[in-house]
Amino acid sequence: MAKNVSEKELLNFKEKCENIFAQIEKDVIGQKEVVYGTVIAMIAGGNVLLEGVPGVGKTRLVRSLGRVFDLPFARIQFTPDLMPADVTGTNIIVKDEKGNSKFSFQPGPVFSSIILADEINRATPKTQSALLEAMQEHTVTVMGVSRKLDEPFFVLATQNPIEQDGTYPLPEAQMDRFMFKLLVSYPNKAELRDIVNMTQKTMAETADAACNAKELLEMREIAKTIPVANDVLDYAMDLVIATQPESEKPAKASVKYLRYGASPRAAQALITAAKVRALMNGRYNVSYEDLNTLALPVLRHRIKLNFDAITEHVSTDDVIQMIIKELNTGSSETVEEKKESKPRKGLFGK
């Protein structure tokens, strides 16, 4: 039976998270939703896909996270000529003290704790697949030998949504291995001014370490003990099943706009991340609001739009919000109603 989280553990968890955010803010201006979502995923043990146009701070955020969590960090610049061995490592021939030749494994950059897969969609599918095993099983197999990666291990990938020349879309199997897909938007005027002023002084990161590997793993174990009421758990399952057009209980929006829905990994990610968010906000249990808020980053890359959605300019986020509306009110929300509805409470909200 799982132990209950004590008040001291709850306060320590929340205080540790506040310190993490304070240190990241030294290097990253704005983007609170993205920062908050990335930290949730890292504590929960998930990988993150950051999508945004060039220059909005995706790479800087990942480098800053490496400093704040005091973890080994490696950057892989994905290009069309990158080979799988450049990611995983390979066996090379070396000579021993007697001059005899033998194979020795040379680890690749994937043998680190935080992997920045920069512009991941620029590499070929063969190279992209080199990360599949590492992202799911946290192991790397080379020449028939499997090697375990040190914990904690994360892949934080970036991709450009607008430039398609020389890119290779990520296969669905790899997209499903990302816990979150976070959209990095343009900064507003005040944030842009602060960015310019900060970079006039120095381009270097100044954040200090706020959490080490041991503390991060302890926070993850604490989050696992957070209880989920049966009704809340059923709602999470209903939310995932509703995205599947051919399921027993599909949402009307799914039948109309989706080719296929989310996998069981989506349900796992939704509950795991919701437990972390509950602790961050000082609560001992997962709420419906946690699930509704996390639905967008968890589901947006796991569902596939059909031709009707494309012709009507309906996005994955639109469909997810329609599904949530239908589950909560019993009626589906049209695109026009969605545009007129009040803005939802974000990840950073309480």
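Worth pointing out:
Matching residues to (1) in a loop (DSSP other than H, G, I, E, B); (2) buried (at least 21 other Cβ atoms within 10 Å of the Cβ):
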position: V48; (1), (2): no, yes
position: I92; (1), (2): no, no
position: E97; (1), (2): yes, no
position: F103; (1), (2): no, no
position: Q106; (1), (2): no, no
position: S112; (1), (2): yes, no
position: A117; (1), (2): no, yes
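- Within segment 180-190, the residues that satisfy the criterion of being touching a residue at least 12 places away in the same chain (Cβ under 8 Å) and either open to solvent by 20 Å² or more (accessible area, probe 1.4 Å) or among the charged types (D, E, K, R) (or both) are K181, L183, S185, Y186, P187, N188.
- For segment 295-327, the set of residues classified as farther than 18 Å from K256 by Cβ and in contact with a Phe, Trp or Tyr (Cβ under 8 Å, 6 or more places away or on another chain) consists of P297, V298, H301, listed by residue number.
- Only listed residue being at pLDDT 90 or above and over 22 Å from the mean Cα position of the chain (by Cα), chosen from D194, D176, D231, D208: D231
- Pick from segment 228-280, criterion part of a loop (DSSP other than H, G, I, E, B) and open to solvent by less than 20 Å² (accessible area, probe 1.4 Å), ranking: farthest from M175 (Cα to Cα): A251
- Checking each residue in segment 132-180 for being part of a strand (DSSP E or B) and polar (S, T, N, Q) picks out T139, T141, S146, T158, Q159.
- Residue within segment 64-85 that is of a type in the set (V, I, T), open to solvent by less than 50 Å² (accessible area, probe 1.4 Å) and in a helix (DSSP H, G or I) present: yes
- Figure legend. Inter-residue proximity from segment 10-36: first residues over 19 Å from L279 (Cβ atoms) and of a type in the set (A, V, I, L, M), second residues outside any loop (DSSP other than H, G, I, E, B) and open to solvent by 20 Å² or more (accessible area, probe 1.4 Å), beta-carbon distance below 7 Å, spacing 6+ or different chains. Indicated pairs: V28/R60; I29/E191; I29/D194; I29/I195; I29/M198.
The values are calculated or read from the model by the stated rules, or taken from the named source; none is laboratory data. Computed from a predicted model, the values in this text were never measured in an experiment. Glycine also receives a Cβ, built like all others from the backbone with ideal geometry; neighbour counts cover every protein chain displayed. All accessible areas refer to the heavy atoms of the entire protein, side chains included, with ligands and DNA or RNA removed. Shrake-Rupley method; radii C 1.70, N 1.55, O 1.52, S 1.80 Å.
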